[in-house]
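Sharing a structure with you now.
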Amino acid sequence: MRDFVYNASPARVVFAPGSRARLTDEVAALGIERALVLCTPNQSALAEAAAALLGERCVGVFDGARMHVPVEVAHKACAYATSLGADGVVALGGGSTIGLAKAIALDMGLPIVAMPTTYAGSEMTPIYGLTEGGAKRTGHDARVLPRTVVYDPELTLALPVALSIASGLNAIAHAAEGLYAHDGNPVLDLMAEEGIRALADGLPRVAVAPHDLAARSDCLYGAWLCGTVLGQAGMALHHKLCHVLGGSLDLPHAQTHAVMLPHTLAYNAPAVPEAMRRIARALGRPEAGRGLHELAKELGAPTALRDLGVTVDALDRVADLALTNPYANPRPLHRQAIVGLLARAWAGAPPE
Ligand code: NAD
């Protein structure tokens with residue numbers, strides 16, 4: 001048994017189909033009397049429905065959330081929250097909307113109730129990100145961890161299949177890197193393995209029947225577990241590379257994770273055989289990296305960076321950026337090997 005430190009996440013989690021009906025009770029339990037509901041423009045109907053449910057406890061809807069939380073959007077949302085005298089925020093959406101709620105919490109200290117509609121897992125983490133002048137900075141702050149998370153799988157029924165698959169693979173990435181995190185622990189390992197198992201089982205069912213509520217529930221359950229791991233364990237090469245690719249080339253978040261994960265796992269595999277064994281077991285496949293590559297192909301997920309619009313001449317710069325600011329990774333970072341990994345991911349080749 002290795003030494004470890006375990007901190008439980010203080011977030012309250014409510015999980016059930018139809019649980020959005022409990023939103024008013026959950027908001028009231030936190031003492032929020034003037035909630036501002038946040039969403040992206042294309043989820044405004046859902047947000048309006050939540051606002052109607054909250055009735056007098058809701059003072060407005062802000063439907064301007066955008067990917068990677070541009071600071072100007074965060075400033076606008078904070079100004080709106082201030083003008084309304086909001087005393088809490090309800091984030092209804094994926095990582096972009098929850099990210100905006102976190103920016104407000106960071107600036108104004110308002111409590112967050114999150115109702116996730118993707119599998120990104122941001123709702124379970126104290127990690128925030130803000131983009132300014134094309135550069136994304138991230139940080140940890142306990143104030144941005146949502147106080148209550150209402151998981152209603154019915155809210156994910158409309159998530160398009162392609163995005164569901166990419167988002168589910170994004171969630172698996174959190175758990176996979178958690179299994180070899182330098183600061184992991186046995187409890188997170190259990191969550192990580194169960195989270196991967198639930199998603200590997202649920203995603204193929206969602207792919208054939210997107211309105212299968214049982215499959216959607218399994219995926220959201222897996223996303224919760226994987227998000228919890230992300231919030232408590234330090235991520236390594238995979239998340240660093242995806243952060244660099246997303247930030248410097250403006251790539252879609254979940255799809256970038258889906259493409260990169262088989263390759264980053266294969267890179268780290270020789271250094272962490274036990275973690276790879278657990279990932280493979282959770283996937284129900286003989287090997288972690290190759291198993292994920294096969295799963296992604298079977299599910300029709302993107303498997304090549306070039307299909308996301310990356311040009312081959314961008315890869316050297318990505319490798320350079322990924323090697324700046326040293327961070328924990330189980331296998332030492334060798335530039336040539338990372339360039340090779342990126343080249344295979346660019347071409348959509350199987351991992352090494
Ligand atoms: P997203 O929130 O940007 O959503 C993608 C699109 O899908 C949006 O247009 C959204 O309106 C739409 N959508 C979301 N749920 C839907 C549903 N159920 N039905 C129909 N449409 C729906 O995407 P994401 O992948 O959830 O989040 C990505 C962002 O979250 C990135 O900026 C990433 O960096 C951040 N993130 C942060 C953390 C963290 O811990 N801080 C963790 C994961 C992701």
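None of the figures in this text is laboratory data; all of them are computed from the coordinates on show. From a predicted model like this one, the values you see are computed outputs, not experimental measurements. Neighbour counts are summed over all protein chains in view; Cβ atoms, including those assigned to glycine, are modelled from backbone coordinates with ideal geometry.
Suppose each label sits 7 Å from its Cα in the direction of the beta carbon; what would the Ala271-Leu333 distance come out to in nanometres?
1.0
Could I ask something else about it? Between the stretch 122-177 and the stretch 4-33, how many Å separate their Cα centres?
16
Using a cut-off of 24 Å between alpha-carbon atoms, which lysines can reach Lys102, once sequence neighbours fewer than 8 places away in the same chain are excluded?
Counting by Cα, and skipping residues close in sequence, Lys102 has these lysines nearby: Lys76, Lys136, Lys240.
How high is the relative contact order of the chain, in percent, with contacts defined as C-alpha pairs under 8 Å that are six or more residues apart?
15
Suppose R0 equals 51 Å; then what is the FRET efficiency for Asp212 and Arg143 from their Cβ-Cβ distance, rounded to the nearest 0.05?
So, using R0 = 51 Å, E works out to roughly 0.85.
Of Met115, Met108, Met235, how do they rank once you tally other Cβ atoms within 10 Å and put the fewest first?
Ranked by crowding around the Cβ, least crowded first: Met108, Met235, Met115.
As a test of the formula, what do you get for the chain when each DSSP H run with n ≥ 4 contributes -39,500 (n - 2.57) and the sum is divided by the residue count, at 222 nm and rounded to the nearest 500 deg cm²/dmol?
Taking each H run of at least 4 residues, the total per residue is -16500 deg cm²/dmol.
Another one. If you take the Cα atoms of the chain, find Rg, then find the Kirkwood Rh from the mean of 1/r over all pairs, what is Rg/Rh?
Expressed as Rg/Rh, it is 0.96.
If the elastic network links every pair of Cα atoms under 10 Å, which of Ala304, Ala49, Ala198 fluctuates the most in the Gaussian network model of the chain?
Sorting by GNM fluctuation, first place goes to Ala49.
Before anything else, pin down the relative contact order of the stretch 12-156: Cα pairs under 8 Å, at least 6 apart, normalised by residue count, whole percent.
28
In terms of Cα to Cα distance under 17 Å, which aspartates and glutamates are near enough to Lys297, apart from those fewer than 8 places away along the same chain?
Asp201, Glu287, Asp307, Glu352
Indicate the helices, whole DSSP H runs only, in the chain that combine a mean Kyte-Doolittle hydropathy of -1.0 or more with a Cα extent along their long axis of 24 angstrom or more.
161-178, 186-208, 213-232
Find how much the distance from Arg281 to Ala162 grows on full extension, using 0.36 nm per residue of separation minus their present alpha carbon separation; answer in nm with one decimal.
Value of the extension gain: 40.4 nm.
A further question on this structure: Post the alpha-carbon centroid distance, the stretch 54-108 to the stretch 304-327, in whole angstrom.
Between the Cα centres of the stretch 54-108 and the stretch 304-327 lies a distance of 32 Å.
Counting chymotrypsin sites (Phe, Trp or Tyr not before Pro) as exposed when in a DSSP loop with at most 15 other beta carbons within 10 Å, what is the longest stretch of the chain free of them?
The answer is 7-326.
Determine, from the Cβ-Cβ distance of Ala347 and Ala16 and an R0 of 56 Å, the FRET efficiency 1/(1 + (r/R0)^6), rounded to the nearest 0.05.
The value I calculate is 0.80.
Among 89-96, 307-314, what's the highest-first ranking by average C-beta atoms within 10 angstrom per residue?
Result, highest mean first: 89-96, 307-314.
Continuing with this model, one more query. Apply the Karplus curve 6.51 cos²θ - 1.76 cosθ + 1.60, θ = phi - 60°, to the phi angles in the stretch 109-117 and return the couplings in whole Hz, x for Gly and Pro.
Couplings: x, 6, x, 10, 10, 9, 10, x, 10 Hz.
So, one more: Which of Val208, Val37, Val113 moves most in a GNM of the chain, Cα contacts under 10 Å?
Looking only at Val208, Val37, Val113, the biggest GNM fluctuation is shown by Val208.
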